[in-house]
Amino acid sequence: MNTRSHPAVPTEVPRLEDKTIQPIPLNERHGKARDLFTIWFGSNIMIMTIVTGGLATTVFGLSFVPAIVGIILGNVIGGIFMALHSAQGPQLGVAQMIQTRGQFGSFGALLIVVIVVIMYVGFFAANLVFGGEAMAAVSPGISVDAGIIIIGVVSVIATIFGYRLIHAYARFLSIVAGLASLLAFAWIMFVHGLPATFLDQGNFNWVGFMATMSVSALWQLAYAPYVSDYSRYMPQGTGSAPAFWASYSGCVLGTLFPMILGALVGTLATTLGADAGNIEIVGSMGALLQPWTLAVVGIFCLGVAASNAMNLYCGVLCSLTIGQTFKPSWLPRAKTRSVAAIILFTIALLIALFARDNFILFYTNFLSFLMYVLVPWTAINLVDYYLLRHGDYRVEDFFKRDGGVYGRFNWVAIGSYVAGALVQLPFSSTAVYTGPVAAAMGGVDLSWIVGLVAVAPLYYVAARIFRNKAEAVPLQASTLTADMV
């Protein structure tokens, strides 16, 4: 990949971010690869990560050892795809969903962008519910609804200020939440202590193990549609390898610790006689952490606000991308981002307030839905970027109504995406539908693995055969001028 860059005199980047979906000029690029470590490490240490890890030993019924093996494998594998997307940001300087127009076309990309907006709103609502429940559990004077609103307002404020504040918030959380997670582990394991029957709780079953591995991998894959949004301000000379490793290590480590903590809490709760399917992870953790409950869970709630600010920020960028598709001359700024953030927040808030009862069922089904729609996209994007174009795109064509050399619809990408979604169905196992292959294997879900293995070569071969001849001599992404806005 060519990483040449034109000299640019750095300028002071405003504290209130004034950019949205437009390319970031070279003279406004700033930061170092280590910033990618802290934003993904700090923002992942939160309540929802703990609850997701707890699914392994509660909903999926695993004993502790296979639970943490599934969690580790899923995160280590899924993190590869997440970090490969992150490495695209410094090279192209645009949001991930804008770049998707290079694979699907200007209008074809709308299919993916709309799905991703739904994903952001869903994660935002889930974070609000789990965070609100956590605040209510440790602060008797705060109701769940009040906790939901408090966390939501903090998230909106961070989104309005934008990129720099979110990065700074995550750096702070990397230290504070990291220490809180260490305290939680030490207190539960060595002060509260593990009962003699700890490792005897639960069992090993392939259905639960693959479900744990899938959910853990999806946690990483779910970042793929927006991970480069947080690397697009990096100097173009940052390099793909440093951006990859900083993002990978930060996100995988930041996820593993709280997920394993959730699995630990779920196992301990079952040893105390609770019904595994009805365990409330946050409440159980609060009981185990006494007298540190308020401090530790409170810090984890700060992580919820950070993660939600990131979800809302990128959801706004995607929403603006949809609008700009129909009006190419429109390049929205800070005011428009603020208005869009309030609108998306209101939608997610209503979902959280009216659907918070039995929310864990909604959450697990939501994760299954995301698996089927994100896997084909990530395969197509990575094959296109790394194997077909080697990072060379005509960035200015992303903003043309006709898609420039990429056209309005790239039917090869769209067809590969639909095929990828369909090929997963026989291997899927959810509360809504179980495919024939999954049923024959006793409910083991291999859909996301099949999706990746099938879509990547399909798209690669089809794109090589049917690639638009106008793209034969692409403009180097690195030749963008410093004054491009």
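Against the definition (at pLDDT 95 or above and aliphatic (A, V, I, L, M)), how does V76 come out, yes or no? Here the answer is yes, as V76 does meet what is asked. Any residue in the stretch 186-208 that is under 30 Å from S447 (Cα atoms) sitting within a Cβ distance under 8 Å of a residue that is surrounded by 13 or more Cβ atoms within 10 Å (Cβ to Cβ) and acidic (D, E)? List the pairs, counting only those 6 or more apart or interchain. Between residues of the stretch 186-208 that are under 30 Å from S447 (Cα atoms) and residues that are surrounded by 13 or more Cβ atoms within 10 Å (Cβ to Cβ) and acidic (D, E), the close pairs are V207/D445. Restricting to the stretch 157-182, name every residue that is polar (S, T, N, Q) and either open to solvent by 10 Å² or more (accessible area, probe 1.4 Å) or farther than 24 Å from R337 by Cα (or both). Listed by number, the residues that qualify are S174, S181. I need the full set of residues from the stretch 405-424 which are farther than 14 Å from L374 by Cα and either open to solvent by less than 50 Å² (accessible area, probe 1.4 Å) or in a helix (DSSP H, G or I) (or both), in order please. Correct list: V405, Y406, G407, N410, W411, V412, G415. Across the stretch 434-454, the number of residues qualifying as outside any helix (DSSP H, G or I) and either open to solvent by 20 Å² or more (accessible area, probe 1.4 Å) or modelled with pLDDT of 85 or more (or both) comes to 6.
Summed over the stretch 350-365, residues that are modelled with pLDDT of 75 or more and within 25 Å of Q96 (Cβ to Cβ) total 1. Of the listed requirements (1) closer than 21 Å to D229 by Cβ; (2) without any contact (Cβ under 8 Å) to a residue 40 or more places away in the chain, S284 misses just one: (1). Across the stretch 235-266, the number of residues qualifying as modelled with pLDDT under 90 and either open to solvent by less than 10 Å² (accessible area, probe 1.4 Å) or polar (S, T, N, Q) (or both) comes to 3. With a requirement of 2 or more residues that are surrounded by fewer than 24 Cβ atoms within 10 Å (Cβ to Cβ) and in contact with a Leu (Cβ under 9 Å, 6 or more places away or on another chain), the helices (runs of 4 or more DSSP H) lying completely within the stretch 44-126 that satisfy it span 64-86. Which numbered condition in (1) in contact with a helix residue (DSSP H, G or I) (Cβ under 6 Å, 6 or more places away or on another chain); (2) under 30 Å from T100 (Cα atoms); (3) open to solvent by 10 Å² or more (accessible area, probe 1.4 Å) is the only one that T270 fails? The one condition T270 does not meet is (2). For the residues G31, G61, G108, G53, the requirement of being farther than 18 Å from Y223 by Cα and modelled with pLDDT of 90 or more singles out G108.
The criterion of being modelled with pLDDT under 85, assigned to a helix (DSSP H, G or I) and either of a type in the set (F, W, Y) or touching a Lys or Arg at 6+ places or on another chain (Cβ under 9 Å) (or both) does not hold for Y385. For the stretch 194-217, residues that are in a helix (DSSP H, G or I) and buried (at least 23 other Cβ atoms within 10 Å of the Cβ) total 9.
The values are calculated or read from the model by the stated rules, or taken from the named source; none is laboratory data. Predicted model only: the values in this text are computed from it and were never measured. Cβ: placed from backbone, ideal geometry, glycine included. Neighbour counts: every protein chain shown. The accessibility values were calculated without ligands, DNA or RNA, using every heavy atom of the protein model including side chains. Shrake-Rupley method; radii C 1.70, N 1.55, O 1.52, S 1.80 Å.
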